[in-house]
Amino acid sequence: MMKLDIKLDPVNDGAVVSEKSFIRKGRGGLIISTTGGCRSVVGTDMLELMGNMVDVAGIERIGNTPFVMLYNVDKVIDSEDGDFFIGTVLIVKRDEDKMLKPLSSYEFSKAAKEFESRLVTVMCDGQAFSAYEL
């Protein structure tokens, strides 16, 4: 939450912001599906989504990149060939201190390409699906 108090007083004017809710414009997370749809989520909407995922989230580093995906572990398919995820994930990045951080505006397309490059095709009951192999 942010409280803004401007009275043309350089000593006291300014914003009081909860550090957790402050995200620079254009920064956020990438919501992307194994079926190809994607959209961005920014600001407090991203933080709220991450909070809602706490009890079900797995985290997986995407190759040798700073990007990580948060996914619902209840939606993982265990098979003889490995573990696969079919569904929608939230992609953010992890810094050197292993803290999750929002993507910058130029990282959205890069993160999408990294995710999509790791999709494989799986078969179930004669139907083909794109999946992320964990």
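The values are calculated or read from the model by the stated rules, or taken from the named source; none is laboratory data. Just so we're clear, the structure is a prediction, and the values are computed from it rather than from any experiment. Here the Cβ is made from the backbone with ideal geometry for all residues, glycine too, and neighbour counts use every protein chain on show.
Given the conditions (1) surrounded by 15 or more Cβ atoms within 10 Å (Cβ to Cβ); (2) under 16 Å from I32 (Cα atoms); (3) free of Cβ contacts under 8 Å to residues at least 24 places away in the same chain; (4) not aromatic (F, W, Y), and given that K101 satisfies all but one, which numbered condition is not satisfied?
(2)
When you look at T44, is it over 11 Å from the mean Cα position of the chain (by Cα), of a type in the set (V, I, T) and part of a helix (DSSP H, G or I), yes or no?
yes
Being farther than 28 Å from G43 by Cα, modelled with pLDDT under 90 and not acidic (D, E), is that true of even one residue in region 83-90?
Scanning region 83-90 turns up no residue that is farther than 28 Å from G43 by Cα, modelled with pLDDT under 90 and not acidic (D, E).
Taking the residues in region 47-75 that are of a type in the set (V, I, T) and more than 11 Å from the chain's Cα centre (by Cα) as candidates, determine which candidate is farthest from T88 (Cα to Cα).
So, considering only residues that are of a type in the set (V, I, T) and more than 11 Å from the chain's Cα centre (by Cα), the one farthest from T88 (Cα to Cα) is T65.
Any residue that is touching a helix residue (DSSP H, G or I) at 6+ places or on another chain (Cβ under 6 Å) and closer than 13 Å to R27 by Cβ - is there at least one of those in region 71-88?
Within region 71-88 (the criterion being touching a helix residue (DSSP H, G or I) at 6+ places or on another chain (Cβ under 6 Å) and closer than 13 Å to R27 by Cβ), the answer is no, since none of the residues qualifies.
List every residue pair whose Cβ atoms lie under 8 Å apart, where the two residues are 6 or more positions apart in sequence or sit on different chains, the first residue falls within region 50-71 and is in contact (Cβ under 8 Å) with a residue 40 or more places away in the chain, and the second residue, located anywhere, is surrounded by fewer than 15 Cβ atoms within 10 Å (Cβ to Cβ) and aromatic (F, W, Y).
Filtered contacts from region 50-71: no entries.
Please work out if V42 is at pLDDT 90 or above and either surrounded by 16 or more Cβ atoms within 10 Å (Cβ to Cβ) or among the acidic types (D, E) (or both).
In short, no.
Of I77, I86, which residue is among the aliphatic types (A, V, I, L, M) and over 23 Å from K110 (Cα atoms)?
I77
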